[in-house]
Amino acid sequence: MGRRYVSLWFRHLLTDWLTLRQPELKDVPFVLVAPEKNRLIVKAANHLTESYGISTGMAAADARAVVPDLKVLDAEPGKAEEILKKAAAWCIRYSPLIAIDADGLLLDITGCTHLWGSEKDYLRSLIKTLITKGYDVRGAMADTVGLAWAVARYGKQKPIITTQEHQQALLPLPPESLRIEPETVDLLYKLGFFTVGQLIGHERSALRRRFGNSFLLRLHQALGNVDEPLQYIHPVEPYHVRLPFLEPIRTAEVIEKAINTLLEMMCERLNSEGNGLRKAVLKGYRVDGHLTETVIGTNKPSNNPAHLLKLFALKIPNIEPALGIELFTLDAFKVEEVEHKQENLWLLEGSEGSTDALAGLLDRVGNKIGAQNIHRYLPQASYWPERSIKPALSLTDQPEMDWNNGRPRPSLLLKYPQRIEVMALLPDDPPKHFVWKGQKHIIKKADDAERIEPEWWQHADRHKHRDYYMIEDEKGCRYWVFRSGHHQGGDTQWYLHGFFA
Amino acid sequence: MTEARQNIIERLQKDILGWQGFVSPAVGEQKGIGLGPVETAFPNGVFPTGNIHEMLCGQQEQAAATSGLMMGILSVLMKNGGACIWISTGRKFFPASAHQFGVAAHRLVFVDTQRERDTLWAMEEALKCESIAAVVAEVNDLSFAQSRRLQLVVEASKVTGFVMRSNLQKLSTTTCVARWQVTPLPSQTEGDLPGVGFPCWQVQLLRVRNGLPGTWQLSWSDQGFTWGTEQEPQIEYTDVQLQVG
């Protein structure tokens, strides 16, 4: 069976839309204008205005001269596309395959029309509904997108072109009905081509030489010799499964079984689409009208019912069935494509296959104690200790630089440096002894100072530079202490920041 | 007669060790974990992986030394791939320090819990995951029942676990394979050279299941663990002139 297409042309899309919003504009000539090269150009005119001979592309001043009481309104950029998108979503009831055109819609209606009885009833129903909604629409049906488009805009007789009439219908149409550039149209008129029929008899090579490849493509697309792919819009079907019960359920085992059934239903679809679940919400509708809600999240998209069930199983104790649950629904709010290939996570030999197990483990832990409490760190290009590591965003993030930062770093780092009392012989010397938590530590060995300054783009007043010393006391305990600020200013203060192994 | 008896006893001892989770090394697989003399304390002279080790660290200084030793062990355990999970409440461990002990810090996954109960739960979950190299948990206390739960898990999964205990007031018996205590020792510098040398620790094995407890001195250099040739802990300190600045 050949394909059938419908082209819809919204003749006054923007003005019709505005008239619907502001009914007082219905009997007023008005235009929508937008500035272009320092002039206001008419972008859309309603049918009243058009009857005065005003068309799009005219200067607004000229239009005002023709119609003195013309209302001039500002056009909203991008509005037409927005309206068309909504119209396309609405048209889904007529066909599942809909594409958006510059000023209309294209519907692939193959196999749809019999639901309305016949093609005639189908088109009549479609156009009538749109017209009663308040849009001035013309539509046509044909075997190719090109011809449907042409007939909708330039057709003079009937809107439905059968397969037998295909060529006959195309021949008397003007060249601009072929969806070609205005320059080519002008050229065609200059050369005396006033209908498509005059062009058909000519040789391909001659046409290509004079009018270019794109013209030839459009001609053959209209004739049906060349396929024309369309970009269809797809309304996203929500991932939603439901499971009603004859008798309200109350026990944990039955709830687990129910969740398993729901997950199997959900994963069947996810599997067939190659997708995996990242976040799901389970809602239980209780007999007493209350609603229980359980949310799970995963680190990696998953469509494995067993794994997802484990995540839910951790939360089953929190589901309160009270008098019983009548209905469970499961929605997947976040769905991502499943990675099929194994990734080399740790860049070390023999580590393949561990990613899935690790991700599964972190899912379980994260769902119990919160995913925000799980961290992994990567080195960051900063000497300032607090900024020398950054949290990794995903399990597969790899460090962009080496961990080696030159000087050794302490094994334990205090979150906030603690003030210590220090005795140092000279301003720039490491301390002789320091007192921390009431205990005196006498320093036996010390490394040279390491001066760390905050980056210049960080707030300068709040972070003075620090002189870090690695010191060892008489017991052998190794500490990381620093002096903040310049000695000359008299505002120096010593802090303990970490412990070395 | 006595020789035959000796043989039987040896075989029985080996069997018992096997049932207790110690794996005797296969022939030609005698590679240690780099701990040198410390490994002789364990049955068969092999550091028991796939077991729970208990590390006592009452003070922060000890905790720092313990994490240094653990990182050295982890660098060997993580050679065959796999991540290490570090579970704690109030974590102080600084990932940038792992590099000097030969551990890539981005392979450490930190789990920060609010309660100790969650720490133990997370540790049990993590120990079940066979592709993980090791699990470290910082807790205050570990009861006998809790340690037995962990032991049962690792017997199935063969993951090595380290429990860092900070409360040393009431040390109860646990099923852990070894109880360690690591205290920092003054680092060794050559001659009168100023500065701080390689980290140096006194490693004590307070109790070892079927092994011999003891005390050793270890230090960590660029080549890995190094141990002195039978030297007593230095008690006398010679003042070192600090020439810095």
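Read-outs: derived from the displayed coordinates by stated rules, not from any lab. Just so you know, these numbers come straight off a predicted model, no measurement behind them. All Cβ positions, even for glycine, are placed from backbone atoms using ideal geometry, and neighbour counts span all protein chains on display.
Quick notes on this one:
- Each residue of region B:46-59 was assigned a 3J(HN,Hα) from its phi angle through the Karplus expression (A = 6.51, B = -1.76, C = 1.60, θ = phi - 60°), giving 10, 4, x, 7, x, 9, 9, 10, 10, 10, 8, 9, x, 10 Hz with x at Gly and Pro.
- Cα centroids of region A:356-379 and region B:169-219: 32 Å apart.
- Taking one quarter of the surface of the convex hull spanned by the alpha-carbon atoms of region A:239-355 gives a direction-averaged projected area of 7.8 nm².
- Inter-chain shielding of B:119-125 (mean C-beta neighbours from other protein chains, 10 Å cut-off): 3
- Estimated from helical segments only, the mean residue ellipticity of chain A at 222 nm is -8500 deg cm²/dmol, where each DSSP H run of four or more residues counts as -39500 (n - 2.57).
- Cα-based shape type of region A:178-316, given that a ≥ b ≥ c are square roots of the gyration tensor eigenvalues and the cut on a/c is 1.5: prolate
- Computed on region A:84-232, with alpha-carbon pairs under 8 angstrom and 6+ residues apart, the relative contact order is 20 percent.
- Whole-number percent relative contact order across region A:239-355, with pairs defined as alpha carbons under 8 Å at least 6 apart: 38
- Restraint check, A:LYS432/A:LYS464; A:LYS415/A:LYS475; A:LYS437/A:LYS464; A:LYS310/B:LYS158, Cα-Cα greater than 29 Å: none
- For region A:68-142, the square roots a ≥ b ≥ c of the C-alpha gyration tensor eigenvalues yield an a/c of 1.5 or more together with a/b exceeding b/c, which makes the shape prolate.
- Taking other C-beta atoms within 10 Å as the exposure proxy, A:LEU207, A:LEU330 rank A:LEU207, A:LEU330 from fewest upward.
- Cross-link pairs beyond the 20 Å C-alpha cut-off, checked among A:LYS315/A:LYS390; A:LYS283/A:LYS368; A:LYS43/A:LYS79; A:LYS156/A:LYS190; A:LYS79/A:LYS133: A:LYS315/A:LYS390; A:LYS156/A:LYS190
- DSSP loop GluC sites (Glu not before Pro) with at most 11 other Cβ within 10 Å: longest gap in chain B: B:30-189
- The amide H of A:ASP103, built 1.01 Å from its N in the peptide plane, has no neighbour under 5 Å, considering only residues 5 or more places off or on other chains.
- About its Cα centre, the dipole of the protein assembly as shown is roughly 1580 debye, where the only charges are +1 on Lys and Arg Cβ and -1 on Asp and Glu Cβ.
- Loop-located GluC sites (Glu not before Pro) in region A:176-255, at most 13 other Cβ atoms within 10 Å (DSSP): A:GLU203
- For the protein assembly as shown, Kirkwood radius (reciprocal of mean inverse C-alpha pair distance, Å): 33.4
- Taken over the Cα atoms of region A:84-232, the convex hull encloses 119 Å³ per residue.
- Relative contact order (%) - chain A, alpha-carbon pairs under 8 angstrom, separation at least six: 9
- The fraction of all Cα pairs in chain B landing in successive 10 Å bins from 0 to the largest distance is 7, 29, 35, 19, 8, 2, 0, 0, given as whole percents.
- The fewest-to-most ranking of A:SER484, A:SER51 by surrounding Cβ atoms within 10 Å reads A:SER51, A:SER484.
- Across region A:12-133, counting alpha-carbon atoms alone, Rg and Dmax equal 17.2, 53 Å.
- Under Karplus coefficients 6.51, -1.76 and 1.60, residue-wise ³J(HN,Hα) of region A:270-284 in Hz, glycine/proline x: 4, 4, 5, 9, x, 10, x, 8, 10, 8, 9, 10, 9, 10, x
- Global form of region A:8-80, assessed from the alpha-carbon gyration tensor, a/c cut-off 1.5: oblate
- When the trypsin sites (Lys or Arg not before Pro) in region A:147-255 are filtered for DSSP coil states and for at most 11 other beta-carbon atoms within 10 Å of their beta-carbon, the remaining sites are A:LYS156.
- Put in order of Cβ neighbour count within 10 Å, fewest first, the listed residues A:MET266, B:MET70 become A:MET266, B:MET70.
- Angle between chain A longest axis and helix A:213-223 axis [Cα atoms, degrees, rounded to 10]: 60
- Scaling against 2.2 N^0.38 Å puts the C-alpha radius of gyration of region A:386-501 at 1.17.
- Residues whose amide H comes within less than 5 Å of that of A:TRP436, counting only those at least five positions distant or on another chain, are A:HIS441 (H built at 1.01 Å from N in the peptide plane).
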